[in-house]
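Working notes, structure below.
The values are calculated or read from the model by the stated rules, or taken from the named source; none is laboratory data. As the structure is a computational prediction, the values presented were derived from the model and not from experiment. Don't worry about glycine lacking a Cβ; one is built from the backbone with ideal geometry, like all the others, and counts go over all protein chains shown.
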Amino acid sequence: MTMTSQAIVSPKPQINQVVNTISWTLNVAPQRLLPYTHFVDDLHLDDIDMMLLIAALENHLKVYLTPEEVSKIQTVGDATRYFSMN
């Protein structure tokens with residue numbers, strides 16, 4: 001296993017928690033939720049849907065983001081990054 005693979009494997013449980021919460025909240029198969037999946041363009045969420053999704057993630061993961069961080073979340077990868085670093 002290379003160093004890059006190890007770096008990807010270590011935060012895996014948090015990534016899975018974020019993806020599983022998004023999947024459950026939006027009723028979307030986890031296989032459709034790739035890091036580059038865009039919430040508005042690909043999953044057709046509006047502002048209220050995004051607020052509800054962020055609230056569900058915050059509730060489930062017990063991680064709370066600032067409004068500035070929330071405004072930067074556009075993809076599944078963004079959500080994973082912000083919820084993993086807190």
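Computed quantities for the displayed model
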{"item": "Pairs with Cβ under 8 Å, 6+ apart, first in region 60-86 and without any contact (Cβ under 8 Å) to a residue 12 or more places away in the chain, second of a type in the set (D, E, K, R) and crowded, with 16+ Cβ neighbours inside 10 Å", "result": "LYS72/ASP78"}
{"item": "Only listed residue being of a type outside the set (S, T, N, Q), on the phi > 0 side of the Ramachandran plot and modelled with pLDDT under 95, chosen from LYS12, LYS62", "result": "LYS62"}
{"item": "Among (1) in a loop (DSSP other than H, G, I, E, B); (2) out of contact with any Asp or Glu (no Cβ under 7 Å at 6 or more places or on another chain) - the single one TYR64 does not satisfy", "result": "(2)"}
{"item": "Index of the failed condition, PHE83 passing every other in (1) touching a Pro at 6+ places or on another chain (Cβ under 6 Å); (2) surrounded by 18 or more Cβ atoms within 10 Å (Cβ to Cβ)", "result": "(1)"}
{"item": "Check on LEU43, in contact with a helix residue (DSSP H, G or I) (Cβ under 6 Å, 6 or more places away or on another chain) and either without any contact (Cβ under 8 Å) to a residue 60 or more places away in the chain or over 15 Å from LEU26 (Cα atoms) (or both)", "result": "no"}
